[in-house]
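Following: one structure in structure tokens, then a few remarks.
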Amino acid sequence: LQNDSWGKQYSHALFKAMSHMLCIGYGQQAPEGMTDVWLTMLSMIVGATCYAMFIGHATALIQSLDSSRRQYQEKYKQVEQYMSFHKLPGDTRQRIHEYYEHRYQGKMFDEENILGELSEPLKEEIINFNCRNLVANMPLFANADPNFVTAMLTKLRFEVFQPGDFIIREGTMGKKMYFIQHGVVSILTKGNKETKLSDGSYFGEICLLTRGRRTASVRADTYCRLYSLSVDNFNEVLEEYPMMRRAFETVAMDRLDRIGEERPLGSARPPLCLLPGA
């Protein structure tokens, strides 16, 4: 290489140095003296250390680009191991897989912890933004006091149900009411009469007012994205906004009256604790 161009000389030198530093070999010629041997081993050790650090940092960088998907994958691996350990049937495993896909959509966040670390105004702003479609589709929220809407939204809990799931079963105590963000449900009564509800509707509020038992069942016809409100949170919010409680009670009585008119003459009106929401 003595008579070659500087480009070839530096290219060969770079190749020899990288062969040492990346711990691939010692170049085209083996070291001759003891000094060359020890220098070569030293460069290989330093190169291997640098190479390992580079790979580690590169891996960490790639993982940090989509940490939420990595957390989802790690979580689902645990779910798969759980299903395998208990030897769950194939159809149940498929339903669990589909539930995770629709519930988390390949991403997993500790939303409760994230919102808990924010200030109250920021938390309310995020919740209002996340529930904007629900508020836009629901007449109850569209015409209500914005403070009431915010107070109600901060108490809601997001839930997902699959087709065929019974969201509410007849005879159980009324502990929740539900707001439909997206999906279709059927109200099933003893008379085999079905009432369909879709986006922007709500159900189950009358049992929260009466503390009675459900006299109808609710079944999800499609994948349903709902928001639930517990009876304690329901009463807590309505204590601050008594006008809204009266509005709930008025609508409930109107529905009960309509159902009473539809029943045959002389038959008693049942104390329904589950009615469709407008």
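Here is how the numbers come out for the structure above:
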read-out	value
Residue within the stretch 91-107 that is surrounded by 11 or more Cβ atoms within 10 Å (Cβ to Cβ), small (G, A, S) and part of a helix (DSSP H, G or I) present	no
Hits in the stretch 117-158 (condition: open to solvent by less than 90 Å² (accessible area, probe 1.4 Å), free of Cβ contacts under 8 Å to residues at least 24 places away in the same chain and not in a helix (DSSP H, G or I))	L118, S119
Residue identified as modelled with pLDDT under 85 and charged (D, E, K, R) among E120, E101, E32	E32
Failed item in (1) surrounded by fewer than 16 Cβ atoms within 10 Å (Cβ to Cβ); (2) at pLDDT 90 or above, with R258 passing the rest	(2)
Any pair with Cβ under 7 angstrom, 6 or more apart, that starts in the stretch 215-242 at a residue that is without any contact (Cβ under 8 Å) to a residue 24 or more places away in the chain and ends at one that is in a helix (DSSP H, G or I) and open to solvent by 10 Å² or more (accessible area, probe 1.4 Å)	L238/M244; L238/R245
From G174, G200, G204, G212, residue being more than 22 Å from E112 (Cβ to Cβ) and surrounded by fewer than 20 Cβ atoms within 10 Å (Cβ to Cβ)	G212
Given (1) over 19 Å from P242 (Cα atoms); (2) at pLDDT 80 or above, number of the condition T189 does not satisfy	(2)
Considering residues of the stretch 159-207 that are of a type in the set (K, R) and outside any strand (DSSP E or B) only, the residue farthest from C131 (Cα to Cα)	K190
Selection from the stretch 79-90 of residues that are in a helix (DSSP H, G or I) and surrounded by fewer than 10 Cβ atoms within 10 Å (Cβ to Cβ)	F85, G90
Complete set of residues in the stretch 51-73 that are free of Cβ contacts under 8 Å to residues at least 24 places away in the same chain, surrounded by 11 or more Cβ atoms within 10 Å (Cβ to Cβ), in a helix (DSSP H, G or I) and not small (G, A, S)	F54, Q63, R70, Q73
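The values are calculated or read from the model by the stated rules, or taken from the named source; none is laboratory data. Only a predicted model underlies this, so the values are computations on that prediction, with no experimental measurement involved. Note that each Cβ is placed from the backbone with ideal geometry, even for glycine, and that neighbours are counted across all protein chains shown. Just so you know, the surface numbers come from the protein's heavy atoms only, side chains and all, with ligands and any DNA or RNA stripped out. Shrake-Rupley method; radii C 1.70, N 1.55, O 1.52, S 1.80 Å.
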